[in-house]
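Some notes on the structure that comes next.
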Amino acid sequence: MTAVLGIETSCDETAAAVVGEGAAGQGVAVESSVVSSQIDLHAAYGGVVPELASRAHLELLPLVVAQALEQAGRRAWPPAPVDAVAATAGPGLIGALLVGVSEAKAMAVAWNRPFVGVNHLEGHCFAALLDHGDLRWPLTVLLVSGGHTMLVSMAGPGRYRLLGQTVDDAAGEAFDKVARFLGLGYPGGPAVERAAAGGDPAAFAFPRAMLGEGLDLSFSGVKTAVVNAVRRHPGASNEDVAASFQQAVVDVLTAKVLRAAAESGGQGICLAGGVAANGALRAAVSVAAGAAGLPVYLPSRAMCTDNAAMVAAAGRWQLEHIGPSPLDLPADPNLRLPLLA
């Protein structure tokens, strides 16, 4: 199996990509990756509006798919331009997921090619594989996004063991809520990072919840602490608040992923998910892992945020090792990462 078209519509990014076989049959190669962002559409609301996201996917997806195929030099058919079609089947917004899954199934039927439903979280775990060919297993993966914060031991593709997870807010959700409270704009993660660049990370002593307690995480408290601090100090600069908040989150995430690697025998550390694009987090984990003698595998920032290349890569592996998905596979907004028993 050489070329897979991937489709990603789980939230507010309409994406398509083609992933093929790497040089000399080794690994995978990204032939194209097209992402159409809906940031401007949702900015006025301070967050994603599910109905608007679904309608935008319907409008944008055909063009995005056409661009991905054209960039990969796979425009003409028949014959079919790819060997399989993969799409994110969950988790995510149900209306948005249905757009991508339905489009992928339709193309698979029209081209007489297999369809593969991909777990969005598993796709994020494959992102580093697109940028790094020689990985040391098992990896300790910090998967951190707007909807999920998880520590996963990855013994190899398709082999996952949950080590810890947030007990309340995801880290990305906390970034979004703090950005909204401070009026920094949308999306919250990049907005907080930009503001933090001009602030003092020691200006406020925000809590590091559960820092010394196991591998689970909590970010609801630091979000509340930001609100209370601003109300007590109305003259505080947004930059100082943002920098102090970001530092608190980064400290917790860094400490937890290093502890997870030590306790699970991880031979390397991998970041995944949208928050993995945060420069402060990337730097802190790199320094801490280096001190511990562990390699760090950082996906490019483009592969951290939602994209279809990671979906195609995960779909390609799934097709070759598990097989295609049935055409009646439903979209599942609550789909969980498949874990080892």
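Taking the range 113-152, which residues are in a helix (DSSP H, G or I) and among the aliphatic types (A, V, I, L, M)? Explain how you work it out, then say what you get.
First pass over the range 113-152, keeping only residues in a helix (DSSP H, G or I): 120-131.
L121, A127, A128, L129, L130 - these are the residues of the range 113-152 that are in a helix (DSSP H, G or I) and among the aliphatic types (A, V, I, L, M).
Does S10 satisfy the criteria of being part of a loop (DSSP other than H, G, I, E, B), modelled with pLDDT of 95 or more and not assigned by TED's automatic domain parsing to the domain that holds G185? Yes; evaluated as a whole, the condition is true for this residue.
Residues to consider are G90, G158, G133; find the one that is surrounded by fewer than 19 Cβ atoms within 10 Å (Cβ to Cβ), of a type outside the set (S, T, N, Q), on the phi > 0 side of the Ramachandran plot and touching a residue at least 40 places away in the same chain (Cβ under 8 Å). Spell out the reasoning first.
Numbers: G90 fails: surrounded by fewer than 19 Cβ atoms within 10 Å (Cβ to Cβ); G133 fails: on the phi > 0 side of the Ramachandran plot.
Every option except G158 fails the conditions.
The residue of the range 137-154 that is surrounded by the most Cβ atoms within 10 Å (Cβ to Cβ), among those that are of a type in the set (A, V, I, L, M) and either at pLDDT below 95 or touching a His at 6+ places or on another chain (Cβ under 9 Å) (or both), is V141.
Kindly indicate which of R301, R316 is exposed (fewer than 15 other Cβ atoms within 10 Å of the Cβ) and on the phi < 0 side of the Ramachandran plot. Don't jump to the end; show me each part of the working.
Values: R316 fails: exposed (fewer than 15 other Cβ atoms within 10 Å of the Cβ).
Just a single option satisfies the conditions, and that option is R301.
A single member of A225, A155, A171 is under 30 Å from W317 (Cα atoms) and touching a Pro at 6+ places or on another chain (Cβ under 7 Å), and it is A155.
All of L121, L69 fail the test of being among the hydrophobic types (A, V, I, L, M, F, W, C) and either assigned by TED's automatic domain parsing to the domain that holds G273 or under 20 Å from I322 (Cβ atoms) (or both), apart from L121. Selection of the range 215-238 for residues being over 17 Å from A170 (Cα atoms), touching a residue at least 12 places away in the same chain (Cβ under 8 Å) and part of a loop (DSSP other than H, G, I, E, B) yields A236, S237. Determine whether the range 73-89 contains at least one residue that is assigned to a helix (DSSP H, G or I) and among the small types (G, A, S). Checking the range 73-89: not a single residue is assigned to a helix (DSSP H, G or I) and among the small types (G, A, S).
Of the numbered criteria (1) modelled with pLDDT of 95 or more; (2) of a type outside the set (D, E, K, R); (3) over 23 Å from the mean Cα position of the chain (by Cα), the one G212 fails is (1). One residue is enough: does the range 39-55 have a residue meeting the conditions in contact (Cβ under 8 Å) with a residue 24 or more places away in the chain, more than 15 Å from A308 (Cβ to Cβ) and buried (at least 22 other Cβ atoms within 10 Å of the Cβ)? Looking through the range 39-55, at least one residue is in contact (Cβ under 8 Å) with a residue 24 or more places away in the chain, more than 15 Å from A308 (Cβ to Cβ) and buried (at least 22 other Cβ atoms within 10 Å of the Cβ). Looking across the range 257-283, the residues that are under 20 Å from E213 (Cβ atoms) and surrounded by fewer than 23 Cβ atoms within 10 Å (Cβ to Cβ) come down to L258, R259, A260, A262, E263, S264.
State the number of residues belonging to the range 176-189 that are surrounded by 19 or more Cβ atoms within 10 Å (Cβ to Cβ) and part of a helix (DSSP H, G or I).
The first filter runs over the range 176-189 and keeps only residues surrounded by 19 or more Cβ atoms within 10 Å (Cβ to Cβ), leaving 176-179, 182, 184, 186-189.
This time we only want the ones that are part of a helix (DSSP H, G or I), so: 176-179, 182, 188-189.
Final tally of qualifying residues: 7.
How many residues does the range 26-45 contain that are outside any strand (DSSP E or B) and β-branched (V, I, T)?
The first filter runs over the range 26-45 and keeps only residues outside any strand (DSSP E or B), leaving 26-27, 38-45.
Restricting the remaining residues to those that are β-branched (V, I, T) gives 39.
Counting residues in the range 26-45 that are outside any strand (DSSP E or B) and β-branched (V, I, T) gives 1.
Assess whether V241 counts as being modelled with pLDDT of 95 or more, closer than 15 Å to V144 by Cα and buried (at least 23 other Cβ atoms within 10 Å of the Cβ). Judged against the criteria, V241 is not a match. Applying a threshold of 6 Å to beta carbon distances and a minimum spacing of six or more residues, or different chains, the list of pairs starting in the range 175-194 at a residue that is farther than 19 Å from S218 by Cα and ending at one that is in a helix (DSSP H, G or I) and modelled with pLDDT under 95 reads Y186/A43. Could you identify the single residue in A248, A205 that is assigned to a helix (DSSP H, G or I), assigned by TED's automatic domain parsing to the domain that holds A276 and under 25 Å from A289 (Cα atoms)? Going through A248, A205 in turn, the sole match is A248.
Being under 18 Å from the mean Cα position of the chain (by Cα), surrounded by fewer than 24 Cβ atoms within 10 Å (Cβ to Cβ) and β-branched (V, I, T) is true for just one of V296, V311. Which residue is that? Break it down into steps so the answer makes sense when it comes.
On the way: V311 fails: surrounded by fewer than 24 Cβ atoms within 10 Å (Cβ to Cβ).
After applying the criteria, what remains is V296.
Right, E173: assigned to a helix (DSSP H, G or I), charged (D, E, K, R), buried (at least 17 other Cβ atoms within 10 Å of the Cβ) and within 23 Å of the chain's Cα centre (by Cα) or not? Answer is yes for this residue.
Selection of first residues in the range 282-303 that are more than 17 Å from W137 (Cα to Cα) and free of Cβ contacts under 8 Å to residues at least 12 places away in the same chain and of second residues that are part of a helix (DSSP H, G or I) and hydroxyl-bearing (S, T, Y), restricted to Cβ pairs under 9 Å at least 6 apart or on distinct chains, gives the following pairs, ordered by first then second residue: V287/T254.
The values are calculated or read from the model by the stated rules, or taken from the named source; none is laboratory data. Since we're looking at a predicted model, the values are computed, not measured. Note: ideal-geometry Cβ built from the backbone for every residue, glycine included; neighbour counts use all protein chains shown.
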